[in-house]
1. Send over a whole-number figure in Å² for the accessible area per residue of the stretch 104-171, probe 1.4 Å.
2. If you count, for each residue, the other Cβ atoms within 10 Å and average over each peptide, how do 310-320, 213-223, 143-153, 112-122 line up from highest to lowest?
3. Taking 8 Å as the Cα distance limit and 6 or more residues as the minimum spacing, I'd like the relative contact order of the stretch 92-226 as a percentage.
4. Show me the ranking of peptides 75-81, 42-48, 181-187 by mean Cβ neighbours inside 10 Å, starting with the highest.
5. Are there trypsin sites (Lys or Arg not before Pro) in the stretch 37-103 that DSSP marks as loop and that have at most 14 other Cβ atoms within 10 Å, and which are they?
6. With all protein chains present, how much of the accessible area of the stretch 74-166 (probe radius 1.4 Å) comes from carbon and sulfur, to the nearest whole percent?
7. Roughly how many nanometres apart are two label points built 7 Å out from the Cα toward the Cβ at THR30 and ILE373?
8. Amide H neighbours of VAL367 under 5 Å, at least 5 residues apart or on other chains, H built in the peptide plane: list them.
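The values are calculated or read from the model by the stated rules, or taken from the named source; none is laboratory data. In this text the structure is predicted, and so the values were computed from the model without any measurement. For neighbour counting, all protein chains shown are included, and Cβ atoms are generated from backbone atoms with ideal geometry for every residue, glycine included. Ligands, DNA and RNA are excluded from the accessible area calculation, which covers all protein heavy atoms including side chains. Shrake-Rupley method; radii C 1.70, N 1.55, O 1.52, S 1.80 Å.
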Amino acid sequence: MDGVLSQEEISALLSDDAGAAGEESNEILTPDEIDAIGEISNISMGTAATTLFSLVNRKVEISTPVVTFATWDDIVDEYERPCVFIRIAYTTGLDGSNLLVLREQDVKIITDLMMGGDGTNTEVELGELHLSAICEAMNQMMGSSATSLSSMLNKMIDISPPTADLVDLKDTVDGTEIDEFLGGRFVKISFLMEIGDLVKSTIMQLYPPSFAKEMCTGVTETMEADSSAVAAASSQQESQPAPQPQMQQPMPQMQQPMPQMQQQMPMMGMPMYAQQPVNAQPVQFQAFAGDFNPITQQENIGLIMDVPLDVTVELGRTSKSIQDILEFAPGTIIELNKIAGEPIDVLVNGKYVAKGEVVVLEESFGVRITEIINN
């Protein structure tokens, strides 16, 4: 047994009596929830991979996740030792924590790249400097992942600074020494991570079943709320009567000359005196050539449809002194004037036109428009 359960074994596990297994009913995941956890992890780790690329300046690829159930004995049997366990605790929006498991060699390569090396200085012993560096990397990676979760759950998500420990699995008899949920059956999400030609190995995320269920519930509620909003908007549009086209009446053409004025009105403020009759003649105008149509034709907007415009997405702003800017270095964190999950600004040619939220499309960032600004 290699620790990876087949689909039949997962189905049998899901159908087991929770009381006999010593687990509560809210810790049993359905097949739909397993799929949802895989999709959440896929989006979150895709965002984290983009952040890791900026830290190590190497191409980072993370495969589609594989979601299974596991026990501590499964981890001990299948994973290379020693390895680094990184604990990420959620402080806002979610109640729980998860563990990220990396090989010791991978941690050495990542931290060497972060410190400006070429990733080959791995003969040294893994120490506190490596653990601090990998914690900082995970802090930024999982911070960006929390931003993606905020979009999926439609609420603010935040994490505490991660903690890392080097664990020799053959010397650790009980997983509860690392985290309490490792004493039972938990959710294991496996990825294949590649960093250039230096790293190609499996990393794991370990979730308590209750925490995984909480994330699934949040995503389901958000999707249902979005579907209800779309349905309500569609029904409102259908209930509104279609506007009736208005018939435009042609302007009457002037055929009769204006009547001859017999008298002139006195100017305001001047005394009225008897005035002599004036012989006024009507003005004779030349006829226009062709038919006269006073209705102005609308401009053809299609003439400017191919004019390029610059679309800018502004995540936030801040002010820094020249001294602060000169101290910038790779890994520097700049705090902006917006909190995670707050709508971002969309500008066209520098003009504020909409609000939106950040989404991840495969390996690229995108923006979902949530509100159009009427200026």
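1. Working: 3000 Å² over 68 residues.
Per residue, the stretch 104-171 has an accessible area of 44 Å².
2. Working: 310-320: 10.8, 213-223: 17.2, 143-153: 22.1, 112-122: 15.4.
Result, highest mean Cβ count within 10 Å first: 143-153, 213-223, 112-122, 310-320.
3. Details: 139 pairs, mean separation 41.5, N = 135.
After rounding, I find 31 percent.
4. Values: 75-81: 16.4, 42-48: 22.3, 181-187: 20.4.
Packing proxy ranking, top to bottom: 42-48, 181-187, 75-81.
5. Numbers: sites: ARG58, LYS59, ARG87, ARG103; in loops: ARG58, LYS59.
Taking the stretch 37-103 and a limit of 14 other Cβ atoms within 10 Å, the loop trypsin sites (Lys or Arg not before Pro) found are LYS59.
6. Values: 1670 of 3700 Å².
Carbon and sulfur together cover 45 percent of it.
7. 4.2 nm
8. VAL359
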